[in-house]
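Written out below as structure tokens is the structure these notes cover.
FYI, it's all coordinate maths here, none of it is from the lab. The model shown is predicted, which means the values in this text are computed figures rather than measured ones. When we count neighbours, we look across all protein chains shown, and the Cβ atoms used for this are built from the backbone with ideal geometry, even at glycine.
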Amino acid sequence: MEKVKRPARRSAVVFVAPRTEEQRVTQARPIRKVCLVQPGQRFANVLPKELRAMPRYGVPLIATILRRHGYDVTLFVEEIHPIDWDIMESADMIGIHALACNVGRLGEIVERVRRKSRAPIIVGGTHGTYFPESVLKYGDYVVRQEGDETIVDLLDALSTGRNPATVAGVTFHRDGATVATPDRPPASRFDTVVELDTIYGWEEFARKTDGPVPIMALQTTRGCPYGCRFCPVTAMFGRGYRKRSPESVIADLRDKLRYGRNIMVVDNLFDADPDHTADLLRLIMKEGLKASLNVFCRSSIRERPDLLKLMRRAGVRTIILGVESLNQESLDGADKGQCVEEVEEAVAAIQKHGISVLASLIMGFDSDTTESLGETRRLLQKWEISQLTIFALWGSYPHQGHRMIPIERVIFKDWSYLNGNFVTHFPLRMKPSTLQREIIRTYDEVLSHDHSARDDAQGRFRSAETRRFFWKSWQFIRPEMIEYISYLEEVERGYYTANQELQTEKLKDRPDLQFIIETAR
């Protein structure tokens, strides 16, 4: 049998040799100037930087905490302003936030910094928490999970010469071995009011009237009482649900409103404690704070019409609803703990109270088929959904020690394709290229201009305006996703039956499997 020619896999992956023991500064070294970086992403996400810009919550929080501990802090958010390399190379410590989709950019930054600087490089973020070895190729230390207390402790250790092994929640190399200190308990208090002026160029950016609209991130709680298999929240924040003091939330919100009304509440589940949420909403109204709030909820919000009424009065304009799937078998397999009928009831209840629904979905579960995804489109259009985000399942984050997707089913072109828009695994019941087309088709049909015209004709002007904005945003993403299909068609060749059933045994002999194991772990 003629062998199928496989495409080359090694593209745009930056490899940076780790510092040797001799290169790594281990003696006490005073640290005064700190430079933090939120790297940019190669591909646009659902809020392209041309239209909206939102600094992540965690990095400005760390910058604020370090400033309050007396450090001279500069934070570069590449979506806001390019890195000033003179400032970067003169820093005593460099900290970089790592998501899977910006690991390639992380490597580029580190490669340049190391030409002129011996400052210790600390990496934090979701990717480092799950795969510390992956980012220790670039950084000297990884801060796992929450960094509020760990970063202060680690900088103290580096400044005074204290053994970093005494710092809970870090991973690093020493004497040829990997040292992983015990996890640090989650912070019991997290009341810091984030100072956005730690971001280089922020004030000038936020005051522009002709550029992207700034969206500010606000946190009121941490954690989630649920344990969905696809979600990294438990690994990042631990089990449980912790609440920030209402007074600090109000102070934070008031400060954010100096720059605009668009606020993204980044709580994983805004209404996990409905009574606490209600008290906070009443306080926002009492203080007269006029914000346009976007919050995350589950389908259980349908059971609290009183809370929905309060949300609307307090300024909640959009609920990002964790739909995940409208295939019940997929919901059950992901331990989501909800059914399709409950999602439908939640959508109706939210819309009844004058709040928009942004449906957040994941496509590519092992139970998904082209038929089930077609039914998903039908339901979304029936419910008149005007805002939509779809993530292609990436099951490489272990859940309780197990991956949702075995390593032999991972597809890896380079890190930048791991932003949620691109199919990065071999689905069981359809080809990867078919799944990518189904995602594109769903965006096309749900956000179509035909629906906007219908909304206008029926007097739903806000819905029409929202749908048109999301269609415009979608146009930044669509060409990249279409272009990626040809790559998937090469990768999938020879692994599926005529009925698009995956032949899993064949994947164990993939010629690029060792590369996948070494690179995408």
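With each run of n ≥ 4 DSSP H residues scored as -39500 (n - 2.57), what mean residue ellipticity at 222 nm is computed for the chain after dividing by its residue count and rounding to the nearest 500 deg cm²/dmol?
-11000 deg cm²/dmol
Any of K33/K137; K208/K352; K352/K431; K49/K382 with alpha carbons more than 28 Å apart? Name them for me.
Where the Cα-Cα span goes over 28 Å, the pairs concerned are K208/K352; K352/K431; K49/K382.
Treat every Asp and Glu Cβ in the chain as -1 and every Lys and Arg Cβ as +1, leave all other atoms uncharged, and give the resulting dipole magnitude about the Cα centre to the nearest 20 debye.
Using Cβ point charges on Lys, Arg, Asp and Glu, the chain gives about 620 debye.
Compute the distance from the alpha-carbon center of the stretch 45-106 to that of the stretch 221-272, in whole Å.
Using only Cα atoms to place each centre, the spacing works out to 20 Å.
Give me the distance between the Cα centres of the stretch 110-142 and the stretch 412-470, rounded to whole Å.
Result: 34 Å between the Cα centres.
Label the stretch 253-336 by shape, choosing from rounded, prolate and oblate, from the square roots a ≥ b ≥ c of the eigenvalues of the Cα gyration tensor; if a/c is under 1.5 it is rounded, and otherwise prolate applies when a/b is larger than b/c, oblate when it is not.
Prolate.
Taking every DSSP beta bridge that has both residues in the chain, what percent is antiparallel when rounded to the nearest 5?
Counting only bridges with both partners in the chain, antiparallel ones make up about 25 percent.
Under the classification rounded if a/c is under 1.5, otherwise prolate if a/b is larger than b/c and oblate if not, where does the stretch 165-285 fall, given a ≥ b ≥ c as square roots of the Cα gyration tensor eigenvalues?
Oblate, because a/c is 1.5 or more while a/b does not exceed b/c.
Debye calculation, C-alpha points only, no solvent: report log10 I(q)/I(0) for the stretch 202-492 at q = 0.08, 0.09, 0.13, 0.15 Å⁻¹, in the same order as the q values.
-0.36, -0.46, -1.00, -1.31
Report the net charge of residues surrounding C35, where surrounding means a beta-carbon distance below 11 angstrom and charges are Lys +1, Arg +1, Asp -1, Glu -1.
Residues near C35 contribute -4 overall.
Please sort 511-517, 461-467 by packing, taking for each peptide the average over its residues of neighbouring beta carbons within 10 angstrom, highest first.
Ranked from most to least packed, the peptides come out as 461-467, 511-517.
With Kirkwood's inverse mean 1/r over C-alpha pairs for Rh, give me the Rg to Rh ratio of the chain, two decimals please.
Here Rg/Rh amounts to 0.96.
Could you order the peptides 177-189, 53-65 from most to least packed, using the average number of other C-beta atoms within 10 Å per residue?
Packing order, densest peptide first, comes out as 53-65, 177-189.
Let me have the relative contact order for the chain, percent, based on Cα pairs under 8 Å that are six or more residues apart.
The normalised contact order for the chain reaches 13 percent.
Treating the beta-carbon of each Lys and Arg as +1 and of each Asp and Glu as -1, no other charges, what is the dipole magnitude of the stretch 202-492 about its Cα centre, to the nearest 20 debye?
My answer is approximately 1120 debye.
Ignoring solvent entirely, what values of log10 I(q)/I(0) come out of the Debye formula for the stretch 33-180 at 0.15 Å⁻¹ when each Cα is a single scatterer?
Taken in order of the listed q values, log10 I(q)/I(0) reads -0.73.
For an R0 of 41 angstrom, estimate the FRET efficiency from the Cβ-Cβ distance between S159 and R403 and round to the nearest 0.05.
0.60
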